[in-house]
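First up is the structure itself, then whatever we jot down about it.
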Amino acid sequence: MMNIIKSDEFVKTINSFSKLVNYDIFFIERNYFSNILKLQEIIINDLDREENFHPITMNELETEFNVNSEMIGIMAEYGLIAYHSVYFPNSDEREYNFGFDIALPSYEMDKVANIKAVMVHPKYRGHRLGYILNMLSLERLKNKGYNHIFATVSPYNSDSLLMFMHSGFVIRNLKYKYGNKLRCIVYNDITKNFSQIKYFGKEIFISNEDIETQKKYLNEGYVGVDIRNIDNQYKIVYVNYLDHKTTRGGA
């Protein structure tokens, strides 16, 4: 029996035919691990660029389930259509405590949580399911006292970047993680409302493919706040953060 967090609905349209889809958001238990791997396989087969996605193994699911993590999913129609996981790293865990990647003060390291996975079935994209799961997790994390929320996103994955930015995240760093995969370190301080933070200076538009220029501006205290399609090319919008002297990202 599913441990349901909330239920809702959305309208799905296929070939001009619309229907109402009811769905349940629930806590993932071990018996759903095979469903997660099946969903992951569908997503991998739909990728434009293989490096956009970092897959998880059954062993990793087992390990995360038995340590500091929280997993939720969305069930609708024929099965699992979305999956979301949060990992709570140790304060000295340099690989997965992304506070090290933005020079977070040591006394804040135990308040870090990572959104480690957001998967949505390709046939159910466009209904803000990733955003809904993100916002639900952010509220739960805030209630648990986790202030610094991170995720890693490929700079080439414009849809995922936009989803995180709409969830209140900004790009704070850009570096190789998980061995050799280039990732934006996106960050949300949920003690603040980033949508209300004031910025100064003009907006800088940088192609998501132009990695070195992005690193240059990140080093100068800029943060990535939006992504836009301009002349069929994705541009990340960078602005200088007012508090950049204490919150600047590294290269």
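Among D210, D189, D110, whose mean-square fluctuation peaks in a Gaussian network model of the chain (Cα, cutoff 10 Å)? Among D210, D189, D110, the largest mean-square fluctuation in the Gaussian network model of the chain belongs to D210.
List the pairs from K38/K175; K192/K235; K111/K181; K144/K175; K12/K181 whose alpha-carbon separation is above 31 Å, in the order I gave them.
On the way: K38/K175 29 Å; K192/K235 26 Å; K111/K181 26 Å; K144/K175 29 Å; K12/K181 34 Å.
Where the Cα-Cα span goes over 31 Å, the pairs concerned are K12/K181.
Counting only protein heavy atoms and using a 1.4 Å probe, what share of the accessible area of the stretch 96-242 belongs to carbon plus sulfur, as a whole percent? List each step's numbers first, then the result.
Values: 3080 of 6610 Å².
Of all accessible area on the stretch 96-242, carbon and sulfur atoms account for 47 percent.
Accessible area per residue for the chain in Å², computed with a 1.4 Å probe and the full protein assembly in place, what is it? Accessible surface, normalised per residue, equals 51 Å². Dipole of the chain computed with +1 at Lys/Arg Cβ and -1 at Asp/Glu Cβ about the Cα centre; of H148, Y178, S34, farthest Cα towards the positive end is H148.
Projected onto the charge dipole of the chain (+1 at Lys/Arg Cβ, -1 at Asp/Glu Cβ, origin at the Cα centre), which of T13, L129, N219 gives the Cα projection farthest towards the positive end? Sorting the options by dipole projection puts first N219. In the elastic network of the chain, a GNM with C-alpha springs shorter than 10 Å, the most mobile of Y156, Y187, Y107 is Y107. On full extension, the segment bounded by N35 and A103 gains 20.8 nm, given 0.36 nm per residue less the C-alpha separation. Evaluating 6.51 cos²θ - 1.76 cosθ + 1.60 at θ = phi - 60° for every residue in the stretch 49-64, the Karplus couplings come out as 10, 4, 6, 6, 10, 10, x, 10, 9, 4, 4, 5, 4, 4, 4, 5 Hz, glycine and proline recorded as x. Site pair I230 and R49 shows an inter-label distance of 1.8 nm when each label is modelled 7 Å from Cα along Cα→Cβ.
A simple rule links phi to the HN-Hα coupling: the Karplus curve 6.51 cos²θ - 1.76 cosθ + 1.60 with θ = phi - 60°, which for the stretch 142-151 gives 4, 5, 8, x, 8, 8, 10, 10, 10, 7 Hz, with x for Gly and Pro. For the pair M1 and N143, a Förster radius of 30 Å applied to the C-beta separation gives a FRET efficiency near 0.75, rounded to the nearest 0.05.
Computed FRET efficiency, Cβ-Cβ of E212 and H166, R0 30 Å: what is it to the nearest 0.05? Display every interim value, and only then the final one.
Numbers: r = 27 Å, r/R0 = 0.89.
Calculated value: 0.65.
The values are calculated or read from the model by the stated rules, or taken from the named source; none is laboratory data. These figures come from a predicted structure and were not determined experimentally. Every residue, glycine among them, receives a Cβ derived from its backbone with ideal geometry; neighbour counts consider all protein chains shown. What goes into the accessible areas is simple: the full protein's heavy atoms, side chains included, and nothing from ligands, DNA or RNA. Shrake-Rupley method; radii C 1.70, N 1.55, O 1.52, S 1.80 Å.
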